[in-house]
Amino acid sequence: MQMTNFEGLKNLLASPKKIAILPHKNPDGDAIGATLAMSLYLKKLNHSCNVVAPNEFPKFLKWLPEAKNIVIADYQPKRAEAIIHQADLIFILDFNTLSRIDDLGNWVKASHAPKVLIDHHQAPDLFDFMYSDTSMPATCQMVYNFIEAMGDLSKIDKDIASCIYTGIMTDTGGFRFRNTSSSTHRIVANLIDAGVEVDKVSSYVNDSSSPSRLKLLAVTLDQLTFLPDYRTAFMYLTREQMKENGFQKGDTEGFVNYGLSVDNYVFSVIFIEDTHHNFIKISLRSKGNFDVNEFARKHFNGGGHMNAAGGRSDLPIEETLHYFESLLPLYQEQLKNIEL
């Protein structure tokens, strides 16, 4: 593990601190798993920890140990601000720029507490302590590495292991993405030895569909468009469709992957109108060496990883879809030559 001034951070953690631990907005399994695992671990070192999320997280993650104690800034803004204001140390996990956390970012900037970044996305901002590694498939794997560097692998119990495992499993697409390394699998084996019940975790995450999720999936698949000349599939959901079908947080998780389940398709995208604001959320997935991180950064003010990225569009849905299709001829040769 390569962290700037790791020994300095280790010295800070040698005595009890008030610590705020933050995931990004719209936190996913890796963000929630990483923050809860870090909180559980640091509490074993006698620190006082609070996980503060900018907004609500998906229902299928509510089972995680101490998930019920996460402070949601949208619901409890005064408490969230007070936690950050009073913190002696702030951990920033699974994101690397404060613009990803709305008002929390302003509170973090105003805090004089040292900031610790642990993240695997490209182009990070600068913080006091930084463990940034874009080769990592999940921030949860980095949390494991951090605990190991602290010499505390023996402190990883079933609860911590379950949080870390959940983040790795979800951010690797069930261990399917190409950056899932042999080290990842060795860590997972250790987590299972620590007590993770893989069948239960998989069931909690993958088999907890609500009626609204299944209805939305039916609508989405009905609108799935195939573009064989570009080995590309895309789908969309409008704000009205989501409201009509009782959308709940996390309902559309994983929908984008259906496009990649088609034989010989290498690029899949879903466009989802935000339910409260006038912009389109975009999720991009790919196979092989088609870089959706670069695609999202160049065309949709986003980013992420080679095979999994996100972006946004401020155009209406119809114009966004038209713009996306207009880009594909620029990538036709590249997409045609992707080897699987």
All conditions in (1) in contact with an Asp or Glu (Cβ under 9 Å, 6 or more places away or on another chain); (2) open to solvent by 10 Å² or more (accessible area, probe 1.4 Å) are true of D94 except (2)
Condition set open to solvent by less than 30 Å² (accessible area, probe 1.4 Å) and within 25 Å of A31 (Cα to Cα), scope the range 226-251, selection nearest to the chain's Cα centre (by Cα): answer is G250
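To keep it simple, each residue is scored yes or no on (1) open to solvent by 10 Å² or more (accessible area, probe 1.4 Å); (2) basic (K, R); (3) farther than 23 Å from D152 by Cα.
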{"position": "K25", "(1), (2), (3)": "yes, yes, yes"}
{"position": "G29", "(1), (2), (3)": "no, no, yes"}
{"position": "N46", "(1), (2), (3)": "yes, no, no"}
{"position": "N55", "(1), (2), (3)": "yes, no, yes"}
{"position": "K59", "(1), (2), (3)": "yes, yes, yes"}
{"position": "E66", "(1), (2), (3)": "yes, no, no"}
{"position": "I70", "(1), (2), (3)": "yes, no, yes"}
{"position": "E81", "(1), (2), (3)": "yes, no, yes"}
{"position": "Q86", "(1), (2), (3)": "yes, no, yes"}
Taking the range 31-82 and keeping residues assigned to a helix (DSSP H, G or I), polar (S, T, N, Q) and farther than 21 Å from L117 by Cβ leaves N69
Scanning the range 104-149 for residues that are under 19 Å from the mean Cα position of the chain (by Cα), surrounded by fewer than 23 Cβ atoms within 10 Å (Cβ to Cβ) and over 26 Å from N190 (Cα atoms) gives G105, Q122, A123, P124, D125
Boolean, N307 is open to solvent by less than 10 Å² (accessible area, probe 1.4 Å), in contact (Cβ under 8 Å) with a residue 12 or more places away in the chain and touching a strand residue (DSSP E or B) at 6+ places or on another chain (Cβ under 6 Å)
no
The correct count of residues that are polar (S, T, N, Q) and open to solvent by less than 20 Å² (accessible area, probe 1.4 Å) in the range 310-330 is 2
So L315, is it of a type in the set (A, V, I, L, M), out of contact with any Asp or Glu (no Cβ under 9 Å at 6 or more places or on another chain) and over 15 Å from I272 (Cβ atoms): no
Output for Cβ contacts, cut-off 8 Å, separation at least six or different chains, first residue farther than 14 Å from F279 by Cβ and outside any strand (DSSP E or B) in the range 231-248, second of a type in the set (F, W, Y) and open to solvent by 20 Å² or more (accessible area, probe 1.4 Å), reads R231/Y265
Checked the range 270-304 for anything of a type in the set (F, W, Y) and open to solvent by less than 10 Å² (accessible area, probe 1.4 Å); matches are F271, F290, F295, F300
Checked the range 1-14 for anything closer than 30 Å to P77 by Cβ and open to solvent by 50 Å² or more (accessible area, probe 1.4 Å); matches are L12
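The values are calculated or read from the model by the stated rules, or taken from the named source; none is laboratory data. Bear in mind the structure is a predicted one, so any value in this text is a computation, not a measurement. Reconstructed Cβ throughout: ideal geometry from the backbone, glycine too, with neighbour counts over all protein chains shown. All accessible areas refer to the heavy atoms of the entire protein, side chains included, with ligands and DNA or RNA removed. Shrake-Rupley method; radii C 1.70, N 1.55, O 1.52, S 1.80 Å.
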